[in-house]
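Structure, as structure tokens:
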Amino acid sequence: MYHDADMEKWIENKISAMTLDEKIGFIHGAALFKNKGIDRLGIQPLVMSDGPCGVRFDHKDDEWVQVDEPMCYVSWLPSGAAMASTWNEDIAARLGEVLGNEACGRGKQVILAPGINIVRTPLCGRNFEYMSEDPCLAGKMAAAEIQGVQSQNVAVCVKHFALNNQEKERMKVDVRVDERTLHELYLPAFKTAVEEGGAYSVMCSYNKINGLYASENPKLLNDILKEQWGYDGVVISDWGAVHSTAAVALAGTDLEMSVTNNFDEYFFADALKEAVRAGDIAEDVIDDKVARILRLQKRIRLYDGERNKGGYNLPEHHTVMLDAAREGVVLLKNERGILPLNADKCETIAVIGDAAVRKLAHGGGSSEIKPLFEITPLMGINMVTGSRTVVKYAKGYYVDNEEHVVGEVDWQANSLDAPADRTGDTAGVQGEGNDNEASGTDQADNDNSGCVDKISCEEKPGCADKISNGEETGSIEKLRRQYLEEAVALARECDAVIYVGGLNRAYDTEGFDRTSYELPYKQAEVINALLAANPNTVVSILSGSAVDMSAFEKNAPAILWNSMNGMQAGLALAEVIFGDVNPSGKLPVSFPFRLSDCPAHGIGEYPGTYDGDGGITCSYSEGIYVGYRHYSTRNIDVLFPFGHGLSYTTFEYGNIKAVKCKDEDAFEVTFEITNTGSVFGKETAEVYVSAHDPVIDRPALELKGFKKVGLEPGECRSVTIKLDRNAFAYYSVSDGTFRADSGKYTISAGRSVKDLRVSCDVIL
Ligand code: BGC
């Protein structure tokens with residue numbers, strides 16, 4: 001990161017003018033999203049806001065109660081997973097610019113985004129916020145987004161550093177990870193975010209890593225982040241992730257934030273002041289923390305009168321949302337050329353599924369926002385078909401856990417308490433021997449069977465408590481039948497059917513993991529019934545994570561998928577379905593056939609093992625073999641592979657060559673892509689590296705670069721991707737660093753990890 005001597009001098013002067021009290025006030029929360037500024041020195045409080053999907057609405061300083069309601073409406077961005085599905089760094093940068101501009105416009109200095117933890121299990125409720133199972137994709141997309149945000153004079157806060165790969169027991173799970181896996185899989189995206197993105201702040205996570213909480217882990221924060229990566233930005237604790245004073249202060253956490261309003265009792269408040277006074281902690285340690293926060297504020301030009309003004313909900317922001325949403329839609333399957341649908345030939349279309357009408361921006365935890373508008377799939381389909389087609393709607397499936405779907409208003413006040421599961425539907429209830437269910441020993445949770453709040457269970461159908469009651473189960477079953485029959489009848493009478501289902505905010509949410517890989521609400525049954533009723537049925541699944549589609553995939557001629565895709569999601573989806581936009585999204589994660597194929601579950605290391613004293617340990621003993629690194633190396637078939645995504649046109653690859661760069665240990669890999677179909681299309685070329693005869697065990701393929709290009713019919717483009725020495729390296733535990741062995745490597749380029757089209761060998 002650049003260092004400016006004048007800036008450092010300014011910081012030094014400010015610090016030398018501060019009292020210890022003032023310094024202490026500056027390094028812990030004095031409000032839910034602010035520290036304490038120092039008026040007499042003209043130092044402003046650091047003002048922060050969630051999150052990755054847009055600027056969250058404001059809360060009172062000391063209560064989780066919303067304020068300024070009319071001013072809080074902003075643009076709703078596609079989530080991290082949706083952004084990663086575009087595989088387009090320009091889109092990530094443009095989304096970042098909007099996020100930064102809106103944060104500035106809303107008076108924020110730090111936006112608590114992006115989230116870039118590696119997707120280790122499809123059950124993690126927060127996968128929608130994260131980007132990928134692959135550190136190259138996550139790192140590059142994040143770096144582009146970060147530069148976009150920070151170009152607007154707003155700091156990012158990259159989260160959650162590190163190994164926060166599940167929500168279940170996130171406050172206490174002790175992740176046991178070996179050195180190689182840590183450095184090769186879980187840290188690289190953060191490293192890219194810091195080194196290439198230039199992130200001004202990083203959020204340390206709730207969980208423990210090899211026995212120590214992330215916030216008090218000197219190896220993670222001091223040694224790796226600050227020393228090895230040369231990071232001079234701020235480490236902000238996740239809200240309530242600090243559990244002690246001296247250990248945390250000395251480990252490298254700079255600013256303590258939490259969800260409670262007893263600000264003077266924070267570990268970095270009076271207790272830290274006392275520790276400094278007693279000589280247990282040197283004042284330099286505090287000064288360094290203050291300096292880092294001031295540096296961030298200087299970097300966003302807070303004190304030089306040159307800072308952006310920003311703005312939010314500007315029409316040009318909504319254009320970026322639409323461009324991004326269009327590229328985030330992934331076409332997984334398209335037989336018989338059923339897609340795109342021709343609106344002129346469909347007099348009647350049945351749109352079926354709760355997800356077609358459900359709004360999703362509000363809910364899901366700290367990434368919730370209030371969007372100015374949110375176009376649902378049903379709205380989008382009507383907008384695109386206009387008067388050409390009669391669109392009829394049926395719900396299709398019954399949502400029996402509505403109270404969790406809409407999101408609780410002030411959930412965050414209690415967010416440090418261990419939450420129970422929130423599934424209300426029978427599909428999510430654990431069943432013995434069911435391959436779809438989460439593995440792992442479970443003991444301490446679930447004493448209230450899936451309801452956050454017992455009182456609401458008494459009143460509302462759908463809580464797990466009630467499911468056990470025969471009468472209630474009977475009435476839910478009746479509703480299910482009724483919804484199914486209505487949907488099937490509608491499907492029969494229409495020319496085509498668009499099913500829109502998947503997950504919702506009860507499942508794509510912070511604080512909870514799913515308990516099943518299956519689609520909830522018995523959707524597989526509904527989808528199969530619709531496919532039997534009308535062969536012209538298009539299935540569109542909306543989910544933040546991989547979901548089980550194996551029960552209907554063979555029967556469905558066309559399947560689309562997208563993650564939470566922002567305020568224009570429904571319009572973008574409709575444009576793809578009717579061919580106004582040619583799909584170009586690709587999967588940022590693998591979709592395994594079954595949960596037990598996923599290594600964390602296959603080895604029984606999710607959610608971890610309870611120790612009898614309320615502690616839980618999760619050993620990442622699958623090592624670096626996560627996602628496609630596992631499936632492609634062990635030849636395990638998946639339903640849809642990493643990087644997969646179809647188009648309405650066809651692409652051919654050819655003429656690959658790798659040329660060694662002059663005076664540099666790097667190769668330029670060049671190949672051609674031709675659009676061999678009849679419509680314009682965008683294609684992301686994915687470049688993978690494999691080592692011949694590696695000296696240590698290595699994945700069969702690793703993504704090392706990608707590039708998206710747009711091609712007119714018949715157009716041929718040459719694509720060049722540079723691979724430096726790191727692209728061939730693994731983490732050598734004995735060297736304590738990355739190492740690229742001499743030898744032969746194959747470089748392949750293609751459409752997905754399972755559809756590589758061209759390759760060549762190089763000698764390193
Ligand atoms: C989440 C963070 C979020 C913070 C502040 C925590 O619960 O884990 O991602 O930024 O709250 O709302």
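Structural remarks
- Among residues of region 42-55 that are over 30 Å from M18 (Cβ atoms) and touching a residue at least 12 places away in the same chain (Cβ under 8 Å), those with a beta-carbon under 6 Å from a residue that is more than 9 Å from the ligand (Cβ to nearest atom) and among the hydroxyl-bearing types (S, T, Y) at least six positions away or on a different chain give the pairs C53/S79; G54/S75.
- Residues that are without any contact (Cβ under 8 Å) to a residue 40 or more places away in the chain, of a type outside the set (D, E) and at negative phi, drawn from region 268-286: A271, A275, A278, I281, A282, V285
- Of all residues in region 660-673, those satisfying the criterion of being more than 18 Å from R717 (Cα to Cα) and either in a strand (DSSP E or B) or of a type in the set (D, E, K, R) (or both) are K660, K662, D663, E664, D665, A666, F667.
- When region 684-715 is filtered for residues that are part of a loop (DSSP other than H, G, I, E, B) and among the aliphatic types (A, V, I, L, M), the ones remaining, listed by number, are V695, I696, A700, L701.
- Residue satisfying all of: in region 492-524; polar (S, T, N, Q) and under 18 Å from E403 (Cα atoms); nearest to the ligand (Cβ to nearest atom) among these: T509
- Qualifying residue in region 340-355 (condition: surrounded by fewer than 17 Cβ atoms within 10 Å (Cβ to Cβ), under 24 Å from the mean Cα position of the chain (by Cα) and away from the ligand (no atom under 16 Å from the Cβ)): no
- Meets criteria (surrounded by fewer than 18 Cβ atoms within 10 Å (Cβ to Cβ) and either assigned to a strand (DSSP E or B) or at pLDDT below 95 (or both)) for S718: yes
- Some residue of region 209-230 being farther than 21 Å from V290 by Cα, in a loop (DSSP other than H, G, I, E, B) and in contact with a helix residue (DSSP H, G or I) (Cβ under 6 Å, 6 or more places away or on another chain): no
- Test: residue in region 596-605 that is surrounded by 24 or more Cβ atoms within 10 Å (Cβ to Cβ), within 19 Å of L331 (Cα to Cα) and more than 16 Å from the ligand (Cβ to nearest atom): no
- Selection of first residues in region 308-323 that are under 17 Å from A572 (Cβ atoms) and of second residues that are charged (D, E, K, R), restricted to Cβ pairs under 7 Å at least 6 apart or on distinct chains, gives the following pairs, ordered by first then second residue: H317/E102; V320/R94.
- Filter result (in contact with a Phe, Trp or Tyr (Cβ under 6 Å, 6 or more places away or on another chain) and not hydrophobic (A, V, I, L, M, F, W, C)) within region 591-626: P599
- Screening S237 against (1) touching a Pro at 6+ places or on another chain (Cβ under 9 Å); (2) within 16 Å of the ligand (Cβ to nearest atom) leaves a single unmet condition, (1).
- Looking only at residues of region 168-188 that are among the aliphatic types (A, V, I, L, M) and away from the ligand (no atom under 16 Å from the Cβ), we find that the one that is farthest from C136 (Cα to Cα) is V177.
- The number of residues in region 362-394 being within 16 Å of the ligand (Cβ to nearest atom) and closer than 17 Å to N562 by Cα comes to 1.
- Residue list for region 194-214, restricted to those being within 15 Å of the ligand (Cβ to nearest atom) and either in contact (Cβ under 8 Å) with a residue 40 or more places away in the chain or within 23 Å of F738 (Cα to Cα) (or both): A199, S201, V202, M203, C204, S205, Y206, N207, A214
- When residues of region 356-406 are limited to those that are of a type in the set (K, R) and under 26 Å from the mean Cα position of the chain (by Cα), the one surrounded by the most Cβ atoms within 10 Å (Cβ to Cβ): R358
- When E575, E553 are checked against the criterion of being among the acidic types (D, E) and under 14 Å from T376 (Cα atoms), a single residue qualifies: E575.
- Residue that is in contact (Cβ under 8 Å) with a residue 40 or more places away in the chain and among the hydrophobic types (A, V, I, L, M, F, W, C), where the choices are A558, A524: A558
- For region 284-339, filtering for residues that are in a helix (DSSP H, G or I) and more than 25 Å from the chain's Cα centre (by Cα) leaves 16.
- Region 147-167, residues that are within 16 Å of the ligand (Cβ to nearest atom) and not in a loop (DSSP other than H, G, I, E, B): V149, A155, V156, C157, V158, K159, H160, F161
- Look at (1) over 25 Å from G645 (Cβ atoms); (2) part of a strand (DSSP E or B); (3) not hydrophobic (A, V, I, L, M, F, W, C) and you find that R492 fails only one, number (2).
- Scanning region 244-259 for residues that are within 26 Å of the chain's Cα centre (by Cα) and on the phi < 0 side of the Ramachandran plot yields T253, D254, L255, E256, M257, S258, V259.
The values are calculated or read from the model by the stated rules, or taken from the named source; none is laboratory data. Small disclaimer: the values here were computed from a predicted structure and weren't measured. Backbone-built Cβ (ideal geometry, glycine too); neighbour counts: all protein chains shown.
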